[in-house]
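The values are calculated or read from the model by the stated rules, or taken from the named source; none is laboratory data. A quick note: this is a predicted structure, and the numbers were derived from the prediction, not measured. Using ideal geometry, Cβ is built from the backbone for each residue, glycine included, and neighbour counts are taken over all protein chains shown.
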């Protein structure tokens with residue numbers, strides 16, 4: 001791929017998203033299918049005076065480990081993974097799966113064991129991010145596999161990715177700053193308010209964000225980005241929520257998820273497909289039954305559901321929430337080895353009120 | 001590549017070459033073009049109870065660094081490289097270039113700077129190997145690029161690689177043990193002897209191996225293997241040597257190399273092609289002008305020169321010697337950031353005497 005946007009993409013990740021400084025050690029992780037972008041990112045890090053540390057990954061390796069590893073092997077965290085999460089100054093992580101179902105045949109219990117073993121890495125990421133000692137950004141390279149999940153041809157899907165990332169703009173960083181300004185306007189309105197009330201098809205949920213911080217997700221951590229997120233008060237969620245889109249994770253598609261919350265905890269969970277896997281995930285640890293994140297999607301360059309959470313959760317006019325680990329910089333104190341985002345499409349007949357005032361109607365912000 | 005010899009290859013590297021023990025951390029490095037072998041090696045390490053740590057590398061990354069890095073960037077050694085060389089219990093390294101000339105346009109002086117920066121890794125490898133704290137093996141995956149250098153079609157070249165590695169044998173480990181027994185017979189004869197005298201076309205060289213140890217290269221460190229090597233007494237080489245095959249390294253082909261030695265040191269060096277690069281390499285450091293290795297090739301399954309040192313130096317009936325770093329377990333004390341092997345084909349009219357007795361005639365051992 002010699003698309004000139006590739007170099008623009010790399011430079012935007014390096015200079016805008018993680019703002020690499022001279023001398024910083026920058027881990028560059030991702031599937032080898034993203035080789036053109038990984039290589040462009042290396043060049044961009046070199047241009048900024050940083051030390052690029054390439055950590056490409058091959059397909060099947062993690063699946064092999066989970067399927068065939070013994071207890072000690074499943075518990076083992078490699079020094080390479082530790083470096084990327086616990087030591088590097090920054091991480092640029094490029095999703096580039098060549099088969100999104102490579103974990104389909106793997107025992108969920110073994111996946112849970114592996115996820116739990118890796119949870120210190122997730123904790124380190126969150127802690128170091130909150131301390132300002134670490135910057136990371138997650139992006140996605142348009143592989144055949146992702147295009148297939150999106151029901152699109154690969155070149156068409158690549159255009160979708162570029163548009164969502166604002167890489168068609170003359171200066172993507174400026175375009176993201178403009179997006180951030182609009183998001184800040186919404187955050188300023190939300191500041192100091194407490195109670196959110198969602199209503200939609202199969203959904204009637206209240207939760208509190210009292211004292212919590214809304215984060216302006218402006219392309220610094222996710223690329224594409226476009227959301228406002230916070231950590232709900234851990235014991236506040238009450239009611240029911242029905243998620244509009246399936247969750248696709250770890251080789252499985254979990255469809256039509258419905259959760260019932262009491263005092264912040266999931267007390268009932270159902271799904272039309274892979275329900276058992278949903279429940280096993282919620283049983284990973286106590287934090288996996290509580291919300292770690294609540295967010296509004298604000299990227300109106302993403303209109304269609306493509307079965308990939310990095311894009312789906314940003315769809316302008318949707319909300320999403322995650323069970324499991326929260327981000328400490330939001331004020332969340334929820335800890336878990338899980339962080340599962342699920343999306344409610346509120347573009348048709350959905351409503352969100354904040355402290356009794358209308359905030360979103362039919363997917364449009366009304367403040 | 002679903003060739004059943006692939007799994008056999010992986011298992012032989014893991015169980016025979018580096019003899020992985022439960023709990024050991026095994027770095028698996030190599031170009032991503034070798035993905036099928038790297039993945040098979042991961043499985044084989046898991047089967048033995050080890051911890052496989054995959055470190056695949058993308059083409060162009062090292063070339064980009066050397067071409068574009070500033071001084072600090074050229075001097076930087078990544079924690080991933082440190083792990084593989086300084087911390088892991090074992091290393092399985094798979095050469096898998098997709099273009100053997102990827103460094104062709106890079107300034108040799110910058111290559112020298114980079115090589116010098118990396119020399120502590122080479123020293124750590126040699127020191128830890130001598131201490132018995134580290135096992136490593138180097139193999140080569142048959143890419144189009146290597147086949148092209150060998151003037152062969154890729155499937156034909158793959159068969160050449162399999163044959164050289166004894167992977168057509170029902171039990172490759174047993175075949176290597178038989179090879180090792182024959183090599184040991186030669187080493188037993190050489191034990192206690194001192195002076196080697198080589199004569200061939202353009203070559204009349206004497207050197208001493210007094211007090212040095214001959215190593216039986218039996219597939220444990222190189223795969224394929226098949227040589228007896230030692231470290232010459234550092235100030236002993238006297239005379240002239242003309243190397244039969246070009247050296248292909250770092251994107252360059254250095255042809256018709258002739259060296260003159262006095263008291264162990266290269267005092268005159270010439271080449272028909274890339275002579276300047278040869279001389280720059282010899283000037284890397286003082287050790288680069290002395291021999292670190294002298295060896296006999298004993299793999300008679302390799303008959304043809306394929307422009308790849310891993311195979312060429314093993315050709316049955318050749319000798320090779322390396323300027324630069326020696327292996328401490330041979331008794332060599334030569335230190336350098338360089339280790340360049342060069343080959344003398346003695347199969348037509350060549351002679352090697354040891355302490356005045358005939359040892360090799362026309363490429364055949366006569367003891």
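Observations on the structure shown:
- Going through (1) touching a strand residue (DSSP E or B) at 6+ places or on another chain (Cβ under 6 Å); (2) in contact (Cβ under 8 Å) with a residue 40 or more places away in the chain; (3) surrounded by fewer than 22 Cβ atoms within 10 Å (Cβ to Cβ) one by one, residue A:313 falls short only on (3).
- Test: residue in the stretch B:338-351 that is surrounded by 21 or more Cβ atoms within 10 Å (Cβ to Cβ), touching a residue at least 24 places away in the same chain (Cβ under 8 Å) and over 25 Å from residue B:282 (Cα atoms): yes
- Scope the stretch A:262-286; condition assigned to a helix (DSSP H, G or I) and either surrounded by fewer than 22 Cβ atoms within 10 Å (Cβ to Cβ) or at positive phi (or both); matching residues: A:275, A:276, A:277, A:279, A:280, A:282, A:286
- Just one of (1) surrounded by fewer than 17 Cβ atoms within 10 Å (Cβ to Cβ); (2) within 12 Å of chain B (Cβ to nearest Cβ); (3) touching a strand residue (DSSP E or B) at 6+ places or on another chain (Cβ under 8 Å) fails for residue A:71. It is (3).
- Every test in (1) surrounded by fewer than 21 Cβ atoms within 10 Å (Cβ to Cβ); (2) part of a helix (DSSP H, G or I); (3) under 17 Å from the mean Cα position of the chain (by Cα) is passed by residue B:146 save one, and that test is (1).
- So residue A:124, is it within 13 Å of another protein chain (Cβ to nearest Cβ) and under 24 Å from residue A:219 (Cα atoms): no
- Scanning the stretch A:288-336 for residues that are part of a helix (DSSP H, G or I) and either within 20 Å of residue A:94 (Cα to Cα) or in contact with a helix residue (DSSP H, G or I) (Cβ under 6 Å, 6 or more places away or on another chain) (or both) gives A:288, A:289, A:309, A:310, A:311, A:312, A:328, A:329.
- Within the stretch B:100-132, the set of residues being farther than 25 Å from residue B:74 by Cβ and either without any contact (Cβ under 8 Å) to a residue 40 or more places away in the chain or outside the structural domain of residue B:34 (by TED's automatic domain parsing) (or both) comprises B:131, B:132.
- Residue check, residue B:88 out of contact with any helix residue (DSSP H, G or I) (no Cβ under 8 Å at 6 or more places or on another chain), within 12 Å of chain A (Cβ to nearest Cβ), under 23 Å from residue A:82 (Cα atoms) and at pLDDT 95 or above: yes
- The stretch B:28-56: number of residues that are facing chain A (nearest Cβ under 7 Å), in contact with a strand residue (DSSP E or B) (Cβ under 8 Å, 6 or more places away or on another chain) and free of Cβ contacts under 8 Å to residues at least 40 places away in the same chain: 8
- Counted residues, the stretch B:337-361 - those being at positive phi and either modelled with pLDDT under 95 or in contact with a strand residue (DSSP E or B) (Cβ under 7 Å, 6 or more places away or on another chain) (or both): 2
- Those residues of the stretch B:91-108 which are in contact with a helix residue (DSSP H, G or I) (Cβ under 7 Å, 6 or more places away or on another chain), away from chain A (no Cβ under 13 Å) and more than 20 Å from residue B:37 (Cα to Cα), in sequence order: B:103, B:106, B:108
- Failed condition for residue B:63, given (1) surrounded by 16 or more Cβ atoms within 10 Å (Cβ to Cβ); (2) away from chain A (no Cβ under 11 Å); (3) more than 25 Å from residue B:10 (Cβ to Cβ); (4) under 22 Å from the mean Cα position of the chain (by Cα): (2)
- The set of residues in the stretch A:242-258 being free of Cβ contacts under 8 Å to residues at least 40 places away in the same chain and either assigned to a strand (DSSP E or B) or buried (at least 22 other Cβ atoms within 10 Å of the Cβ) (or both) consists of A:254, A:255.
- Filter pass, residue A:171 being loosely packed, with under 15 Cβ neighbours inside 10 Å and more than 29 Å from residue A:349 (Cα to Cα): yes
- Residue A:325 passes every criterion in (1) surrounded by fewer than 20 Cβ atoms within 10 Å (Cβ to Cβ); (2) touching a strand residue (DSSP E or B) at 6+ places or on another chain (Cβ under 8 Å); (3) on the phi < 0 side of the Ramachandran plot apart from (1).
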